[in-house]
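Accompanying notes for the structure given below.
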Amino acid sequence: MNSSRFRRWASGSAVALVLSLVVVPAALGGSATAATSAPPTQGVKPLQSVGKGEGTLNLIAWEGYAQPQWVKPFTASTGCKVNVKYAGSSSEMVSLMANGGGHQYDLVSASGDADLRLIYGGNVKPVNMKLIPSSSQFRPFLKSPSFNTINGVHYGVSYEFGPNVLLYSTKTFKTAPTSWSVLYNKTYKGKITVPDNPIQIADAALYLSKEKPSLGITDPYELTQTQFTAAVNLLKAQHPLIKKYWDLASQEISLFQNGEVVAGAAWPYQTNTLQAAGAKVADTIPSEGATGWADTWLLATNAPHPNCAYKWMAYASTPKVQAEEAIYFGETPANTQACSIMNTLQKGGCAAYHANAPESYFSTIKFWKTPLSTCDNGKSNCVDFTQWQQAWTQIIG
Amino acid sequence: MSDRGLRQRAGAALWRRPWLRGVLTLSPPLLWFLVIYLASLVVMLVTAFFTVNSLTGNVVYQWTWSNFSQILTQSVYGSIILRTLLMAIAVTITDILLALPFAFFLAKVVSRRWRQLLLGLLLMPLWASYLAKVYAWINILSNKGVLPGIESKLGIAPTHIAYTNIAMWIVFSYLWLPFMIVPIYGAFERVPDSLLEASSDLGAGSWITFRWVLLPMVLPGIVAGSIFTFSLTLGDFITPLLIGGSNSDFIGNAIYDSALNGGNLPFAAALAFVSIAIMAIYLLLARFAGAFEAL
């Protein structure tokens, strides 16, 4: 083949390749849009009784959510072999489920900021809570929270939760700071760290709800354009004070260990790890309250192993598993009966992870949920998740 | 027909038709190149023209320029691209300046035995994990690290380099230095010693010799090395993540964020094409400088 003929042949096949790539997706188009009016799967009839296990269970979970100490007994008693795909962020969970993973996985341990995206995306379906006996022992506010229950329909089973705390160096702060304002205070320029996550805008909004009542912020995840702009501007003003936006808990731990920062937004996990290593730090929930995460086992719409999935949801709700998970990860179980077991696993474990705290403690936590354009009051003037994401890029860029 | 006869006939057929031999030997790598390598790039280019439903993360298969116009119009992407580009240039220049004397020493000054030892030492860091090397630098630069310790012993005010763009510049320059030294060393080795002697016999000083004799001859080696340092820095996202500060996002980080955290593969694909475009321009320039003759 001479070179000009080859060139013609090559460009011809390249064009054909491009065309085939374009035409096929275009033909599939249209099915990908989702309405926010009602979850697409809301009419799906949930399982009425749990049958024999399928022998396999595929999970998408946070790292540390499927440890051998509670997975092995589960497999032994139900015959369901557990396979886990770990995800690093809420958004990764959503894309795993949205990009075809829904046909492969049975359950996903999504946090509140991913739940509504999965529910309105039609990736998860209703769950029959009658088949989860231990759910009656759950804390009242986790029985049908708005991030996994819509119009009385449950799309998953609450699991564990925790607050985002204000972590500070006890060398710099002799007494616990009482306000999140330290994170916006120029005194600590270059000594502050916050997570690299769009949901951080809610933290700014929470602070503003008390600092500037005139903005009228009642829910940090439902912001009008004015409220949203105020929160974003606060974070832009905070940018010069930030040492680093952390992506991994271990980064924040080493920042505090090396004395690079004196205050930051953190999970209790970082506090526990740092204190165990002898670092002079403590954490607090300031007077404005705190944001937090609450995880839910959500059931995939096309779950290939529904019986094993129900067996897992029921098992993961029992006090023993909830206690083991809480101690391992450093969070609070939904099941109120887990407290005494936590104390046997780790001395003072129940109190350390707030499992015995009164209900009023939890009402100070504003749990992560997906920002939607439709607010809870029915008006559609709230800022949605796309804009949160774009604004966050602008803030940290 | 016997097996042997068939083999002989096939061999004869191949001998008579050289083009058939060419097709048979070239087609597996060519197929690999077209199907695996180019096709995936084409898929990426096509994806860059789609969008996602931000709430559900589903890809919306509708042609749009919105990803590219977003990159061009939002100033934040301009500053990310500029930062990445400037860092890649700064690291490349630093490594050239460090590598030139080292490579010259290695090729022209030391004895053969020492040369082998030094080359071995030079390549040794490549055996260590990238992450281990970056973490080692965190330990050197951070507040309780080696550098502030030395500074306080000497009574110098602490410099607070960790988690800044200067830290990234140091770490990148360190990481990619071997990739610059090796091609320049190769280029120096190809310069005959007699040229240096002739230059000195004709009365040229060492600077004149370097500028007008050596540099033109090792330039292809320098450009070849710069392709490594430039492209490796341009595509990196781990070093900014680990030792960068609050103003350190690279194109790679923006891609990582949109693909993994944002679940927005189309936008990540559009961003990837910025890197590809920059690299294509760089390679064209390198071609003019004769870099590929030295590879």
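The values are calculated or read from the model by the stated rules, or taken from the named source; none is laboratory data. All values derive from a computational prediction rather than experimental measurement. Note that each Cβ is placed from the backbone with ideal geometry, even for glycine, and that neighbours are counted across all protein chains shown. Heavy atoms of the whole protein, side chains included, go into the accessibility calculation; ligands, DNA and RNA do not. Shrake-Rupley method; radii C 1.70, N 1.55, O 1.52, S 1.80 Å.
Couple of notes before you dig in:
- Selection of the range A:171-210 for residues being touching a residue at least 60 places away in the same chain (Cβ under 8 Å) and open to solvent by 60 Å² or more (accessible area, probe 1.4 Å) yields A:Lys171, A:Thr172, A:Thr178, A:Lys191, A:Lys210.
- A single member of A:Asn272, A:Asn356, A:Asn307, A:Asn343 is among the polar types (S, T, N, Q), within 21 Å of A:Arg139 (Cβ to Cβ) and part of a helix (DSSP H, G or I), and it is A:Asn343.
- Selection within the range B:21-59 - at positive phi and at pLDDT 85 or above: none
- Only one of A:Gly264, A:Gly259 that is surrounded by fewer than 19 Cβ atoms within 10 Å (Cβ to Cβ), within 13 Å of chain B (Cβ to nearest Cβ) and not in a helix (DSSP H, G or I): A:Gly259
- Boolean, A:Gly88 is open to solvent by 30 Å² or more (accessible area, probe 1.4 Å) and farther than 15 Å from A:Ile119 by Cα: yes
- Index of the failed condition, B:Pro148 passing every other in (1) more than 30 Å from B:Tyr282 (Cβ to Cβ); (2) open to solvent by 40 Å² or more (accessible area, probe 1.4 Å); (3) modelled with pLDDT under 90: (2)
- Any chance B:Gly221 is part of a helix (DSSP H, G or I), surrounded by 17 or more Cβ atoms within 10 Å (Cβ to Cβ) and assigned by TED's automatic domain parsing to the domain that holds B:Leu123: yes
Residue-by-condition table, conditions (1) in a loop (DSSP other than H, G, I, E, B); (2) facing chain A (nearest Cβ under 10 Å); (3) in contact with a His (Cβ under 9 Å, 6 or more places away or on another chain):
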| site | (1), (2), (3) |
| --- | --- |
| B:Gly11 | no, no, no |
| B:Trp15 | no, no, no |
| B:Leu38 | no, yes, no |
| B:Leu41 | no, no, no |
| B:Leu45 | no, yes, no |
| B:Leu55 | yes, yes, no |
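- As a summary of the residue check, A:Tyr245 satisfies the conditions (1) modelled with pLDDT of 95 or more; (2) part of a strand (DSSP E or B) except for the one numbered (1).
- Residue identified as within 14 Å of another protein chain (Cβ to nearest Cβ) and either free of Cβ contacts under 8 Å to residues at least 40 places away in the same chain or β-branched (Val, Ile, Thr) (or both) among B:Gly205, B:Gly149, B:Gly155: B:Gly149
- Checking each residue in the range B:236-248 for being in contact (Cβ under 8 Å) with a residue 40 or more places away in the chain, part of a loop (DSSP other than H, G, I, E, B) and open to solvent by 30 Å² or more (accessible area, probe 1.4 Å) picks out only B:Asn247.
- Just one of the listed residues (B:Ala157, B:Ala204) is surrounded by 14 or more Cβ atoms within 10 Å (Cβ to Cβ) and outside any helix (DSSP H, G or I), namely B:Ala204.
- Exactly one residue among A:Ser144, A:Ser136 is without any contact (Cβ under 8 Å) to a residue 60 or more places away in the chain and assigned to a loop (DSSP other than H, G, I, E, B), and that residue is A:Ser144.
- Residue pairs whose Cβ atoms lie under 6 Å apart, sitting 6 or more positions apart in sequence or on different chains, and linking a residue in the range A:258-273 that is closer than 24 Å to A:Thr187 by Cα to a partner that is part of a strand (DSSP E or B) and charged (D, E, K, R), are A:Glu260/A:Lys243; A:Val261/A:Lys243; A:Thr271/A:Asp283.
- Members of the range A:218-243 that are farther than 12 Å from A:Ala391 by Cβ and either of a type in the set (Ser, Thr, Tyr) or touching a Phe, Trp or Tyr at 6+ places or on another chain (Cβ under 8 Å) (or both): A:Thr218, A:Tyr221, A:Thr224, A:Thr226, A:Ala237, A:Gln238, A:Leu241, A:Lys243
- When each of B:Ala269, B:Ala280, B:Ala259 is tested for being surrounded by fewer than 24 Cβ atoms within 10 Å (Cβ to Cβ), more than 11 Å from chain A (Cβ to nearest Cβ) and without any contact (Cβ under 8 Å) to a residue 60 or more places away in the chain, the lone residue that passes is B:Ala280.
- Filter result (more than 8 Å from chain B (Cβ to nearest Cβ), in contact with a strand residue (DSSP E or B) (Cβ under 6 Å, 6 or more places away or on another chain) and either crowded, with 18+ Cβ neighbours inside 10 Å or aliphatic (A, V, I, L, M) (or both)) within the range A:357-397: A:Ile365, A:Lys366, A:Phe367, A:Trp368, A:Cys375
- For the range B:22-36, a residue qualifies if it is within 10 Å of another protein chain (Cβ to nearest Cβ) and under 23 Å from B:Leu260 (Cβ atoms), but none of them does.
A quick yes/no check of all residues on (1) outside the structural domain of B:Ala254 (by TED's automatic domain parsing); (2) hydroxyl-bearing (Ser, Thr, Tyr); (3) open to solvent by 40 Å² or more (accessible area, probe 1.4 Å):
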| position | (1), (2), (3) |
| --- | --- |
| B:Trp63 | yes, no, yes |
| B:Ile80 | no, no, no |
| B:Val91 | no, no, no |
| B:Thr94 | no, yes, no |
| B:Ala99 | no, no, no |
| B:Val109 | no, no, yes |
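- Flag if A:Gly156 is out of contact with any strand residue (DSSP E or B) (no Cβ under 9 Å at 6 or more places or on another chain), more than 23 Å from A:Pro268 (Cα to Cα), modelled with pLDDT of 90 or more and in the same structural domain as A:Met313 (by TED's automatic domain parsing): no
- Scope the range A:286-297; condition in a loop (DSSP other than H, G, I, E, B) and within 19 Å of the chain's Cα centre (by Cα); matching residues: A:Gly289
- The C-beta contact set for the range A:111-129 (first residue within 14 Å of chain B (Cβ to nearest Cβ) and modelled with pLDDT of 90 or more, second residue open to solvent by 10 Å² or more (accessible area, probe 1.4 Å) and assigned to a strand (DSSP E or B), distance under 7 angstrom, 6+ apart or interchain) comprises A:Ser111/A:Trp293; A:Ile119/A:Ile150.
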